[in-house]
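For reference, the structure discussed in these notes is given below.
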Amino acid sequence: MIGDDLRIAAAPVQPELTTEQAFKDLEAILTSIASSPSHYRNFAVHYLRCREALMSGQARPALPGFLVQCGTSDKFRDFITLFDASVQARRAFLDQALGGLRASLGWTRSYDIFDDDDF
């Protein structure tokens, strides 16, 4: 019993996400789910973390309504599959819908593919 408690206590704590990293990760997750809805469970926990970081930060006013409403990756999967059957249309919708949030961070759609972490 004591050994079990020690393993739980020793579990690594995830670092807090910055608004920028949360957006970058969530955009990739949303695009992946929109492209292949059957993989939504792979992103469930990280979707929640990224969404929470954006909901509780300065980016909250710029969040599109579907992100406010879709509290889980499976809710987003349901939303995006009902939105349009075409993957291309889904991706175009996401690009347009995330434009306000992207602009609030001072980004354009064509951002550098290399992170500062890559160097």
Subject >> Nitroxide proxy distance, nm - points 7 Å out along Cα→Cβ at residue 49 and residue 95 >> reply: 2.9
Original post:
What's the FRET efficiency of residue 72 with residue 108 using the Cβ-Cβ distance as r and R₀ = 22 Å, to the nearest 0.05?
Top reply: 0.15
Subject >> Fraction in percent of alpha-carbon pairs per bin - 10 Å, region 16-106 >> reply: 18, 56, 25, 1
Subject >> Separation of the residue 81 and residue 31 label points, Cα + 7 Å toward Cβ, nm >> reply: 2.2
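Each value in this text was obtained by applying a stated rule to the coordinates, not by laboratory testing. Keep in mind that this is a model prediction, so the values were computed, not measured. Cβ atoms come from the backbone with ideal geometry, glycine included; neighbour counts cover every protein chain shown.
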